[in-house]
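The values are calculated or read from the model by the stated rules, or taken from the named source; none is laboratory data. For clarity, every value in this text was computed on a predicted model and none was experimentally measured. All Cβ positions, even for glycine, are placed from backbone atoms using ideal geometry, and neighbour counts span all protein chains on display. Ligands, DNA and RNA are excluded from the accessible area calculation, which covers all protein heavy atoms including side chains. Shrake-Rupley method; radii C 1.70, N 1.55, O 1.52, S 1.80 Å.
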Amino acid sequence: MSQATIIDGKAFAANLRADIGRRVAVLKQRHGLTPGLSVVLVGEDPASQVYVRNKGKATLEAGMKSDTYTLSPDASHEEVMAKVEELNNDASVHGILVQLPLPDQVDSDAILNAIDPDKDVDGFHTLNVGRLTSGQDAMAPCTPVGCMIMLKEVVGDLTGKQAIVVGRSNIVGKPMAALLLKEHCTVTIAHSRTRDLAGECRRADIVIAAVGRPRMIGGDWIKPGATVIDVGINRIDDASTKSGTRLVGDVNFDEAVETAGAITPVPGGVGPMTIACLLKNTLTAACRQAGVAEPE
Ligand code: GUN
């Protein structure tokens, strides 16, 4: 069996980011409009700090306005709400992202639903979730959008394909299933209580792994030639590295690469595309709010 094509998420993301940067320049020149993204981080979670820093950097590199607000780990629900309201009312802010998870004293659902749906670049507001699942034009969550861009490029027309999404989170699993359905896939949503998960996976032409369990999906779960998109980012111990740890996905890559037709690596697969799609959503949001056409 020949080895799978490795899907280069970094290259996909670099292309998309360059394209967005070019379109932002057109927008500035034609309409004097600079898209703005504000990110709210509550607390000091090291992984969240890294994500937020990377988002800010990428936003500036695309020529957009970037603001990051860091609130203390014991910020009250009302304080976070007040920040969201302030950003809703700021016309120079076109996109608002509240980094998850939020501390326990903050009601995450209420915060996400307080964000102006037009500025909801994460696509987590109930209105946008409803639009997506009912097949309307919607701001869709960044990670699933990134997965779809790569899938369509690698597979082409997805009509009639058997797709399985392993994981049912609001951030990835559920919106991913909605997007696959929109492209006319036959979609299974599997999760930790699915019976015969391996058998369900083996029937799939497309496997989306988003369970958060390191290397859970073995090579013998993958149908020969299937396309595998690994959303998992898990840190495991590895004495052979300098840090003593390394990142792995939800798929056993070394096994699956022997069976799959194409597969995303971790790191360097889905991760870079998520940030690129955040910029894409911010550009779209800015154009809609300004009432101008999105530059080609
Ligand atoms: N935490 C982990 N992933 C995400 C994401 O896509 N958006 C937000 N806001 N927080 C996250």
Worksheet item: Does at least one position in segment 206-214 carry a residue that is at pLDDT 95 or above, in contact with a helix residue (DSSP H, G or I) (Cβ under 9 Å, 6 or more places away or on another chain) and open to solvent by 10 Å² or more (accessible area, probe 1.4 Å)?
Response: yes
Worksheet item: Just checking, how many residues over segment 109-123 are over 16 Å from Leu37 (Cα atoms) and open to solvent by less than 40 Å² (accessible area, probe 1.4 Å)?
Response: 3
Item to complete: List the number of the failed condition for Pro144; all other conditions in (1) away from the ligand (no atom under 16 Å from the Cβ); (2) within 24 Å of Ala260 (Cβ to Cβ) hold.
Response: (1)
Fill in: Hey, Leu283 buried (at least 22 other Cβ atoms within 10 Å of the Cβ), closer than 30 Å to Leu33 by Cβ, modelled with pLDDT of 95 or more and more than 16 Å from the ligand (Cβ to nearest atom) or not
yes
Worksheet item: Applying the selection to segment 262-280, what residues are open to solvent by 10 Å² or more (accessible area, probe 1.4 Å) and either under 16 Å from Glu294 (Cβ atoms) or in a loop (DSSP other than H, G, I, E, B) (or both)?
Response: Pro265, Val266, Pro267, Gly268, Lys280
Worksheet entry | Among the candidates Glu153, Glu85, Glu79, Glu61, residue that is in contact with a strand residue (DSSP E or B) (Cβ under 9 Å, 6 or more places away or on another chain) and not hydrophobic (A, V, I, L, M, F, W, C) | Glu79
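Conditions (1) of a type outside the set (Ser, Thr, Tyr); (2) in contact with a Ser or Thr (Cβ under 7 Å, 6 or more places away or on another chain); (3) open to solvent by 10 Å² or more (accessible area, probe 1.4 Å), marked per residue:
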residue: Gln29; (1), (2), (3): yes, no, yes
residue: Thr34; (1), (2), (3): no, no, yes
residue: Asp45; (1), (2), (3): yes, no, yes
residue: Asn54; (1), (2), (3): yes, no, yes
residue: Lys65; (1), (2), (3): yes, yes, yes
residue: Pro73; (1), (2), (3): yes, no, yes
residue: His77; (1), (2), (3): yes, no, yes
residue: Ala82; (1), (2), (3): yes, no, yes
residue: Glu85; (1), (2), (3): yes, no, yes
